[in-house]
Structure formats: C-alpha cells, structure tokens
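Working notes, structure below.
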Number of protein chains: 6
Amino acid sequence: MEKLRVLGVGAHPDDLEILCGGTLARYAALGHEVIMAHLLNGDKGHYEMDPRELARLRKKEAGEAGGVIGAEVVGLDLPDAQLFSDLETRKLVMDLIREARPDVIITHAPGDYTSDHTVTSELVCDASFFAGAPLFRTERKAVDKVAPVFFMDTVVGMGCLPTEYVDISETFQKKMEMLGCHRSQLEWLKAHDSIDVLEFVETTARFRGLQCGVKYAEGFCQFEVWGRKVPARLLP
Amino acid sequence: MEKLRVLGVGAHPDDLEILCGGTLARYAALGHEVIMAHLLNGDKGHYEMDPRELARLRKKEAGEAGGVIGAEVVGLDLPDAQLFSDLETRKLVMDLIREARPDVIITHAPGDYTSDHTVTSELVCDASFFAGAPLFRTERKAVDKVAPVFFMDTVVGMGCLPTEYVDISETFQKKMEMLGCHRSQLEWLKAHDSIDVLEFVETTARFRGLQCGVKYAEGFCQFEVWGRKVPARLLP
Amino acid sequence: MEKLRVLGVGAHPDDLEILCGGTLARYAALGHEVIMAHLLNGDKGHYEMDPRELARLRKKEAGEAGGVIGAEVVGLDLPDAQLFSDLETRKLVMDLIREARPDVIITHAPGDYTSDHTVTSELVCDASFFAGAPLFRTERKAVDKVAPVFFMDTVVGMGCLPTEYVDISETFQKKMEMLGCHRSQLEWLKAHDSIDVLEFVETTARFRGLQCGVKYAEGFCQFEVWGRKVPARLLP
Amino acid sequence: MEKLRVLGVGAHPDDLEILCGGTLARYAALGHEVIMAHLLNGDKGHYEMDPRELARLRKKEAGEAGGVIGAEVVGLDLPDAQLFSDLETRKLVMDLIREARPDVIITHAPGDYTSDHTVTSELVCDASFFAGAPLFRTERKAVDKVAPVFFMDTVVGMGCLPTEYVDISETFQKKMEMLGCHRSQLEWLKAHDSIDVLEFVETTARFRGLQCGVKYAEGFCQFEVWGRKVPARLLP
Amino acid sequence: MEKLRVLGVGAHPDDLEILCGGTLARYAALGHEVIMAHLLNGDKGHYEMDPRELARLRKKEAGEAGGVIGAEVVGLDLPDAQLFSDLETRKLVMDLIREARPDVIITHAPGDYTSDHTVTSELVCDASFFAGAPLFRTERKAVDKVAPVFFMDTVVGMGCLPTEYVDISETFQKKMEMLGCHRSQLEWLKAHDSIDVLEFVETTARFRGLQCGVKYAEGFCQFEVWGRKVPARLLP
Amino acid sequence: MEKLRVLGVGAHPDDLEILCGGTLARYAALGHEVIMAHLLNGDKGHYEMDPRELARLRKKEAGEAGGVIGAEVVGLDLPDAQLFSDLETRKLVMDLIREARPDVIITHAPGDYTSDHTVTSELVCDASFFAGAPLFRTERKAVDKVAPVFFMDTVVGMGCLPTEYVDISETFQKKMEMLGCHRSQLEWLKAHDSIDVLEFVETTARFRGLQCGVKYAEGFCQFEVWGRKVPARLLP
C-alpha cells in the first residue's frame, strides 16, 4: 500500500474531530500520515472567557485530540469570525499545504452554516491549486501535484447529500475520544446553548451509518473540477 | 381553529408510522380528523409467512396503530410489489380520496427507494387532482377542492433535503407506540436483515430534530405545482 | 401572540418595498415591530443628479415609505456599487442587527442580479451569525439568539423558485403606497430605462399570487443551514 | 429562409393557446407551417356538461382557434384524465408525428401539474424518437429525422425556470384571440373556480416579458438528450 | 480479493459495449464474473433488414462481443421500442437478476435519450429490489441481498455529470474490439446516419479520461437510495 | 445584419482561445467586431521562466493569436494567482467594458477550476452592470446598455452542462491556429505536466460537437439574471 499524506483543514480547533475524526482515525490506523490543521484559534468560541486565554486552552486541547491518533496538529492562529479570502491568508494556507505536501485534502463544505467554514473551504480549494505553481513564490517550495479535495459533511447535514461515505464503526470510539479533548467546547455549548455535542455527533454518525448500511459513518462530497478527480478511491 | 381532514397515504401498512407518525399524532392531538390509508396489504413483507396470513395480520396491526391516535385506518388491500399507475388503480385511489375529502394529503416522496413508494406517490398526486373533476365519474362524488400534498422524508433520508419540519417532541412516544404495533415487521426485519426499526426511526427523528433545533422532528417536502401551494402553513 | 421583531435588510432604499413591502405591511398590521434597513444610500441610482443630493433625497423618501406602515427606518449610508464583504462592513451590519435584536430577518437572495444585492445577502447571513458571539466585541451587545433568515424573491424572479409565499392581497395597496414614496426612482427609471416600476411590481405580485392561489403574493426562500431552521412558520 | 414544419402537441384542446399561442402565431406569421395537435378531447373540462357534447364543442373551439393563425388542427380524441404511456397510445402519437413530419416539436413540460400534461410530454418525447425508426412499422412512413423538442412553460410557471424566451409582443393579441375561442373553458373556469383565464394568461406573458426585457413573452426549456440539440436557434 | 459477480444490463445488444465495455473488461481481467444482459433483441436497429433476421444476427454479434472478455451473455429477446415497466417484464428482469445473483449491477442512466434506455433503468432498479423478497415468487429463488446499482454515462454524455470514473486505459482496446463485433450497427449507423460509432465512443472515452486525469475512462453515477450505498468502492 | 461588438474576457492570455476561440472566429468571419481581453498577464504559467519575461512573451503570443482573426487584444497586466474582487479591480474591468462598449460579453464560468477563472467571471458580471451606471464615475463614460453575458465551458467540461452550443466546424482550424500562437504554454504544459493542449482542446470540441450533432462545437451557459436575457440568439 502506498503511504498517503492526508491533510485535514478545519476552521476551528474542533471542527475536524466533529466532521471527519473517524475518517482521520482510519487513515492513521492504516499507517498513513495525518496532519490536522485549523486556520482559526477558536478565540471566540465561548461566552465569557478571555479570548487569548481561550485560544491558548484550545491549542492545548487540539494537540491532545491529535495525539489520540498520532496526528500532527497545526494551527494558523488567526482570530475567529474575521476570516476572508485575501492574498495574505491565501499565502498562509499555501504554505500550510506546501509544508504538508498532501496526497489528499479534507476540508469544510462550501455551503456550511458560517463564513468561518465556507471561507476556509474556499481558501483551501484556491490555495491548494496555487501551491503547485512554482512561480508563485512563498516561504516554501511548490508541491509537485495538486491534491484532490474532499468536503466534509455540513454541521447536522443541512443542505448536504454526501456522495461518499466512510465506515467509521471501528474508529468511532477514537472519534469520541478526540472530541472529548475539547472540554472547553463541550462545557460551553452545554451551558450556554444546551447543545450536547457528543450526542449530536453520535446521532449524525449513526444517521450517516444508516444511509450506507453500517453502524457509524461520515459523509463527504468532492471538489469536482479539472485536475482534482481521480478514477480510484482515496478515502479509506 | 378550522378542523382539518388530514389524509396520509402510505404504500405498506407501517410506512406512515415510520415516516410521519409523529405529525399525524400532532394533528390528532389538535383535534383534526386523521385518516391513515395504505394501498398495499403488506403481503410480501416477511421471509416465510404465508402471504394471505401475513396480510391479515398486518391489517390487524395497522388498525391497532391507528387506534393509538384515534385515526381511521383504510387499506386498499392490493398486493405488495406489483403496484403500477394504471387506470384501475387510479380510480381506486380517487375513491379513497373522494371518500376522505382531505384538506391536506401526506404521502411518499417521489424519489424513495422502492417503486411501491414512488408509485404510491405518483398515484396520489395524479388521483388527488382528478378527484376534483366532476365529469370523471367513479363510485363516489367529486371533491370540492384539490388538496395540497406533502411528501414524507425518504427512508433514512437518502436524497432528501426537507423544506418543512414538524416538531414531534411531544408526540414521539405516540409515534413509537404506533410503530410498536407492527410486531410482524419489527421481528422480521430484526431476524432477517438485522434492522432494528425502532432504533433507526429514533435516529432519523433525532437527526431531523437537530436540523431544526428541537428534540425530535419529521421532515417534509411539498408537491410544488399549480393549485397545490397555499400561502399559509398547513402542517401542525 | 408573541410580538416579533422583524428586520428587513435591503441594499438600496427602495429594495424592501419592491420585494417584500406587502409582507412587512402584514407584520406591521399584526402588531409586530418592523425595522426597515438599507445598507446603501442609493447615491448612484440616477442618470444625472448629484450623488450627495440624491442620497439625501432618497433618505427622505425611505423615511416616508417606512412611515406608511409605521416601521423604523435605518440606513448605513454606504455608497452604491462598492459594497464588499470585509471586516469593517461586517461589523457595521453586526451592529445593525445587535441594535435591532430581530426574531426574523429578511434580505436579498444570494443569486440576484447585482453584487449590491448579493453582497448584502452574504453580509446579513454572516453578520447575523456573529452577532450572537459575545466575544466578538463591537459597539453593541451580542444578541441572545441567531435569527432565521428569509431571502426575498429576485428582481422579476429570475432564477428563483420560491418555497414560501405570503398572501399580500390585503396589504398590496400599502405596498404600492410605500413604493410611491420613492419618487426619484419611479421618475428616473421611467425616463431613462422606460421601466414602469409600479407596473412591474404589480405584475410580479400578481404572478406570485397566481402561483399560490391568491390575488397578490410575495415569494421567499430560506437560508437553510444549521441553527436557522425552525419547525414552525415565522412568515405572516 | 427555410420553411419549417412546426408541431405543437398539447394535452387538452386549449393548452397550446395558453402556453405557446404567441409563439405559434409568430411561426405562422413568418410563413412556417404550424400544426396544432391535442391528444385529449377535453371531455372532462367542465362541471356538468355531457362529456360527449363537451368534446364536440371543444373540437369546434379548437378548430376556430387554429383558424386564427391558419394552423392545421389535429385531435386524437382520447378521453381526459386517463392518458397513460402504453404501446397503443405511443403508436397513435408516432403516427401523428409521422403525418406531421415536424422540424420542431413543442409540448408540455415534464414537471407540470397534472398527469395529462406530463404523460403527453413523455409520449411526445418517446414517440418522436421512434417515429424515425423505419422498422417500427405503423400506419405511416418513418420520418427522416428526429426533431428537437421544446417544453412549454408550466401552468403559472410553478417549478419552471425557462432557458429560452420568445418575444410575443407582436402576436399577443392573436394569442388572446385564439384563447377567446375556447368559450366553454373561459366560462366554466370563471363560474366554477373563479379563474379568469385571460387575466392569468396575460399576467404570465407579461411576467415572462419582464424577465427578458420585452412587453410579452413565452418561456421554454428544451429536451436535452442525444440527437435533439442543435447549435442554432429554432424558436422564432 | 473477494470475487464479485458483476451484472451489466443494457437495453440493446451493443449498449453495454458502448457505455461500460472497458469497465466490464477490467472486472473480467481482475478475475470477477461478468454477466452481460440485454433486454431487447435489437430488431429495429436497422434501416431495411428483416427484424427477425436482424435479431438473430445481433444475438450472434453480442455473443462474440461477450466472448472477447469471457463474459456470459444473456438476452431477454424482447422487441425494440416497446419496452414498458409492467408486471410481466418486471418478473422477467427479476429472474434475470435472481439467476445472476449479482454483487454489483450496472445499467442505463434514468435520463438517457430513449425510453428503451430509461425504462431499462427503471426496470432494473425496481426488479433488483424485489428480487430480494422471498415472498415474491417467480421461477427462481430470491437473492440474499439487494445489489448496489451504478448508472452508465448517457450517450454522448448529455445531461450527465459522472460522480465516479473508471480508468479504462488498459482495456480500451478490448472495449473497441467488443464494439467491433457489432458489425450490423457499425455499418448501418455509418450508412444511414453518418455516425462513426467507433470514433464517437473513442471521443467520449477520451473526454471522460481528461476529466479524471487518465488516457481513457468511463463515467458512472449511482442509484442513491436506502440499501444501495456502501462505504467502499465497488467499481474496479 | 446588425454589427455587434463582442467582448471576450479571459483570465490568462490563452483562455479565450481554449474555451471560445472558434466562436470568436465565427463572429469575426461574420463581420462583427471582436475584442479579446485577458485580465492577467500569465506571469506564473511556467515552471522556471522569469515572471516578467514570461509576461512579455505571453503578451506577444496573445497579440499574434488575436491577429489570426483580426481581433483587438487587450490585457490588464495583473499578475496571475492574486486576483480578487475588490473596488480597484472592479473599476479596471468597468473601464475595460466602458472602452469596449460590448453588445455581448463572453467570460469564464462561475464554477471553473481555479479562482483566477471564477473571480474573472464574478468581476465581469459585476462590472458589466455597474458600467451602465452614469453616476459611478471612472476614467471612461458609462455604456448605454448592460450587455448579456455568456459563460464559456469549464476546462474539460467538469461540472458543466452547456445550454447553448456554437458550431465551430468551419472555424476549428482558426481556433487551433490561434492556440498554436501560445507556444510558451504548449511547450510548458507538455514538458511539465504531460498535457497536450492541442489534443485536449480538440477532444473537447469534438465531444461538444457530438452533443449537438456537428463536427466541432463550443458550449456555453448564460448569466440568467434581470436585464441580461434577451428573447433572441446572440451567439453566432
């Protein structure tokens, strides 16, 4: 088996765990290299904590979560809620990708519920193409090939009909363990919005599982443009 | 409040319970008249039982389920797996509708997983229009108006993005109680296909609930053609 | 009945009147609080007038139009034709929303004919989410909840299939009266582009009425993402 | 200019007038040959008239309407409300097409509001292909080529986004004159359903006109499959 | 590797070769069992030959083509151009499937250019579900599981955006060799319609190859309903 | 025949040739005025050349290519890979359009594979509307009318179902000749990515030709919003 370099890029420190943690765990279990990146530092994901302190805490939580499956964790440390697709940010994401040299990229769906997610998606699609242009000079060397991009499910699946499913029955516990590392979020969302993140993630995984005939699954779509589609499955 | 006559038309004796039982229970609780119809007698929904015996048993189960919410239960007693949109069946469904005189009709989605469901959907859409044509003479008198049609979710939501949701948190237990009456199906599907119907129905209701911010929900789309759309909500 | 705070956000000073004036009039007639906002001052909506003078005139016209239904009128006073989704404008729209504390928001459709409309739509969707994040500090206090967003019809309905309709037969005259306040536009469009705005608005309202079986109607779609959908109708 | 043979196929005797009368009038005015066919005899389009008498009356009305633009009028005389896609009906429609030898065909949209319209659409699409197969022997000789098919707007445009428009400003009066010949329908729909057909047809034509920048228009989509698309415009 | 039973079901004797011959050749080369079925005998696919003689000739050609990759070839011997979804034909297709016991089914897309193709698609989807119902008794025993269905590209790709691609660079010559066995068609279409089938098949395969970055490819979509989707790739 | 001013706006110096060269050649052959614009200077379309030298070379190549059909060639000289929709660039594109005074505009599809293409599309749609607003003052005078916009095919047709086709059989050689002028790209893409641009362009033109029944064709969609649709064909 060819060993793949798999790059997940979420907006906030816990997005990958929620939306594709079981898939990343499967890649890891199969011996592939997994890099978990988040563009934002999560500094507004709370009701009353100091943003800087919150960002520090969430960085620690993200590191722990990645550790559960032996993934490398990278954060761009940009502030929440003010992500835009501009040249400076494009270059940051290009360098993230040039550093990671991924064979497969996983990121947010273009139709998700907040611009933090949709702009992440747009930045990753754009930057992953330009990462392959040698004359677009940045801090790092151009990658040799432009990687296919898979879009994760939207949060609670709104507006999303997955075209690809990954069976995560075997790694579902790992996913929940990773998610459990994000204590600040589990507590805040429960206290402030009465959202039980663990329960809603389990329901979603179970629902996607029902759709493809397994216990638990995660759903994906693909970025369907020139140069990104391959006639073989890259998902585990 | 105007008292509505609500007609649900499923293919098999347990389809309404699975896909809109909570909604029908809400209509009933609000004092509306609920009629639960199934076109087929369910005679092939088992592994080894005698079809005629099975049909008898399922008729009894359907009657019990309707009884839970005080709904009238009607079955056309057609055999499973051989439903087609032909003139004879159209007239049967027209008479079902002319007898029920519904203000609202609920039936299967046109893109569901088996022709029993999709042909039911087509028959109900077609017949409910012709039911209003006085010169199309059948056993019963034409209805005064053509009723709006809502399509239920598909089974496990494949290919379906609901545009309308009904909060069934209050009636979820009623839904499960109705479903529990269909003992032949719960047992067969568990034994033969390892499908736990109660669990899969709960997961779906919970997932649809997450999508619209309540505990449990059922999702619907609408038949969007001339004469069927009204500028007010007819769902409870 | 719960008294709602309804916020309409158009691009130019007359857009709400054209696209949802009858609906706002109904909300107002039902005793709800209506706030009519426009992001742009309309300073390029003419052939030869001085932009600053035009902006002053249109502000006056918008105030009169709002007065017809007793709505509060707010304008951000940004210049036409140069609206972009950037951090500064996002904050302005966030404060507009934080000030209005809406239960329902109505804005332009994402596929309308000019970027002034589509960027308004994007800004409102994004800002209304971030308005609920306490740690995103602006001039005003975070709102307690993220409001559902309805998209108005596009101009002359291009590319738009409404999923919701509002019967405006009773308030159609109010809508036309509001529209009549925008004299600068009625005159200019007639003189310069031979467009009779009153006629085209009546035709559209009548066409949407035919689609849902009433005299006059306005059509809407909804922003279908996590946290915005509720299992009950919020439109009048 | 090449002289075209244009075949319109509606379900009921007045459908072509309502949905593409202005376009047919333009073809006629340009010197093309227009054949107006209806599969059904309209025998159920009334509240209390005797079906056979009604069919006779409507045949006369259709003849008069066609006469307004000098079109040939053909009716298959099938009863309303029981049209299905079966071999016998396919052959009837094949012979209609083999007789007409059309260069262009216009028929109902596949998503219209009643099966009489949608089955007509299906029959025309299917039969127009088989009409070109010499070994499919019927009463008449195979046509030399398979004609492109345009779908008319749906009634009041539900679910329909036209991709092609025809300016009927010049022939709008002809269209209304043709429509006026269907007295039985104008009276019945007004008396029974309070529908003013003339007004609703004018509103639709005006709305489609607004969408493409002319006084009155009719909208169309095309049957987009192999062998039907040509790289030139066939609509007038 | 699990040895799969792969069932292709085309309408006419040469459809599978045109639309998925390279894919079937890959399955065969990998050691899977390939069954090539055609519902129709192709008796109208010519300009002047006697239908019965033509059917005999095409049966021979289909047999030769299947022989190229060692596939079993089955024909239901129904006449061209009169295929409908009725109970009798459903049972024939059910028995075809019950005999083949497929793990994967490949058939026509639901939106292809002729009813022979679209009805084949519908029959296969319906029959493959009912084939698994033991109480639906036919000549053969029910299958143990309901197989996933893949839809082939439409002819020249009209209206089709493949979601899955199969690299057929290695088997493209086999595909052309199979196609070459259908001499009656190659000659007729060239003589009668000036269609060079070999060239148009090569162009399509090359175009689909460009889309997924290989020399030659075939495109597919999937039947996305309950019980048919699996979280793993079944295409070679 | 009215003489049209046709403006093509591509991102890079060779995009128009690849995606609509045959169509522009037909316009030119019919005596219309053709202006070929590219926003970017192509300075990153190579593996190792100096960007400034590359830009100079590509400007020369673009000029030669335009010369083949007698088109005027205009370049905005913006650098590759950093195009965004901001006010400054909008004004540049507005002036390009105000200078060209087009009757028809052709540009990239909004769903193409790289942001250079999609942002070009967005800029052209936005700027072509504002170009008609006299009070939006730039270096040049406002145009009298807002021109319809056609979107070219995407590269290798990913995600694109053309609604309009242009027969380029007669001008295909001109298209290839124009393309041949872009030597730097033909060489680079062959050497670096093993892409034979001439072959892939011919395959695409042939595939689009098969779809509409001619030897070679180019496919287009249209920008379907208010004020852009006309009830007549503007494509040659």
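Here are some notes:
- Residue F:83 being within 30 Å of residue F:208 (Cβ to Cβ), within 14 Å of chain A (Cβ to nearest Cβ), in contact with a helix residue (DSSP H, G or I) (Cβ under 6 Å, 6 or more places away or on another chain) and not aromatic (Phe, Trp, Tyr): yes
- Within segment F:123-230, helices (runs of 4 or more DSSP H) holding 1 or more residues that are open to solvent by less than 10 Å² (accessible area, probe 1.4 Å) and in contact with a strand residue (DSSP E or B) (Cβ under 7 Å, 6 or more places away or on another chain): F:197-212
- The set of residues in segment E:2-16 being touching a helix residue (DSSP H, G or I) at 6+ places or on another chain (Cβ under 6 Å) and under 9 Å from residue E:37 (Cα atoms) consists of E:7, E:8, E:9, E:10, E:11, E:13.
- Restricting segment F:60-87 to residues that are surrounded by 22 or more Cβ atoms within 10 Å (Cβ to Cβ), hydrophobic (A, V, I, L, M, F, W, C) and touching a Pro at 6+ places or on another chain (Cβ under 9 Å), the residue that is nearest to residue F:129 (Cα to Cα) is F:62.
- So residue B:69, is it among the β-branched types (Val, Ile, Thr), in contact with a Ser or Thr (Cβ under 9 Å, 6 or more places away or on another chain) and within 13 Å of chain E (Cβ to nearest Cβ): no
- Failed item, numbered, when residue E:174 is tested on (1) in contact (Cβ under 8 Å) with a residue 24 or more places away in the chain; (2) within 13 Å of another protein chain (Cβ to nearest Cβ); (3) not aromatic (Phe, Trp, Tyr): (2)
- Cβ pairs under 9 Å, 6+ apart, first in segment B:220-232 and closer than 16 Å to residue D:109 by Cβ, second hydroxyl-bearing (Ser, Thr, Tyr) and surrounded by fewer than 21 Cβ atoms within 10 Å (Cβ to Cβ): B:224/C:163
- Residues that are acidic (Asp, Glu) and either part of a loop (DSSP other than H, G, I, E, B) or touching a Pro at 6+ places or on another chain (Cβ under 7 Å) (or both), drawn from segment C:40-53: C:43, C:48, C:50
- Checklist (1) touching a residue at least 60 places away in the same chain (Cβ under 8 Å); (2) surrounded by fewer than 22 Cβ atoms within 10 Å (Cβ to Cβ) applied to residue C:92, failing item: (1)
- The set of residues in segment A:42-72 that are aliphatic (A, V, I, L, M) and closer than 24 Å to residue A:195 by Cβ comprises A:49, A:54, A:55, A:57, A:62, A:65, A:68.
- Scanning segment C:94-120 for residues that are within 12 Å of another protein chain (Cβ to nearest Cβ), assigned to a helix (DSSP H, G or I) and within 20 Å of residue F:126 (Cβ to Cβ) turns up C:115, C:116, C:117, C:118, C:119.
- Residue within segment B:2-16 that is at pLDDT 95 or above and assigned to a helix (DSSP H, G or I) present: yes
Residue by residue, here is whether (1) of a type in the set (Lys, Arg); (2) more than 9 Å from every other protein chain (Cβ to nearest Cβ); (3) in contact with a Gly (Cβ under 6 Å, 6 or more places away or on another chain); (4) in contact (Cβ under 8 Å) with a residue 40 or more places away in the chain holds:
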position: E:131; (1), (2), (3), (4): no, yes, no, no
position: E:140; (1), (2), (3), (4): yes, yes, no, yes
position: E:148; (1), (2), (3), (4): no, yes, no, yes
position: E:165; (1), (2), (3), (4): no, no, yes, yes
position: E:205; (1), (2), (3), (4): no, yes, no, yes
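- Entry remark, segment C:23-43: residues being of a type in the set (A, V, I, L, M, F, W, C), away from chain F (no Cβ under 14 Å) and under 14 Å from the mean Cα position of the chain (by Cα) number 7 in total.
- Segment C:177-197, residues that are of a type in the set (A, V, I, L, M, F, W, C) and within 22 Å of residue C:109 (Cβ to Cβ): C:178, C:179, C:189, C:195, C:197
- Note on segment D:17-39: residues that are farther than 20 Å from residue D:182 by Cα and part of a strand (DSSP E or B) total 1.
- Residue check, residue B:120 in contact with a Phe, Trp or Tyr (Cβ under 7 Å, 6 or more places away or on another chain) and closer than 23 Å to residue B:201 by Cα: no
- Among the residues of segment A:177-200, the ones that are touching a residue at least 12 places away in the same chain (Cβ under 8 Å) and at the interface with another protein chain (Cβ under 10 Å from one of its Cβ atoms) come to 2 in all.
- Apart from one condition, residue C:31 fits all of (1) surrounded by fewer than 22 Cβ atoms within 10 Å (Cβ to Cβ); (2) modelled with pLDDT under 95; the exception is (2).
- Residue C:47 being at pLDDT below 95 and closer than 25 Å to residue C:185 by Cα: yes
- Number of the exception - residue F:46 against (1) within 9 Å of chain A (Cβ to nearest Cβ); (2) surrounded by fewer than 21 Cβ atoms within 10 Å (Cβ to Cβ); (3) of a type outside the set (Gly, Ala, Ser): (2)
The values are calculated or read from the model by the stated rules, or taken from the named source; none is laboratory data. Note that the structure is a prediction, hence the values are computed from the model and not measured. A quick note on method: Cβ atoms are made from the backbone with ideal geometry, for glycine too, and the neighbour counts reach across all protein chains shown. Side chains are part of the model used for accessible areas, which takes the heavy atoms of the whole protein and leaves out ligands, DNA and RNA. Shrake-Rupley method; radii C 1.70, N 1.55, O 1.52, S 1.80 Å.
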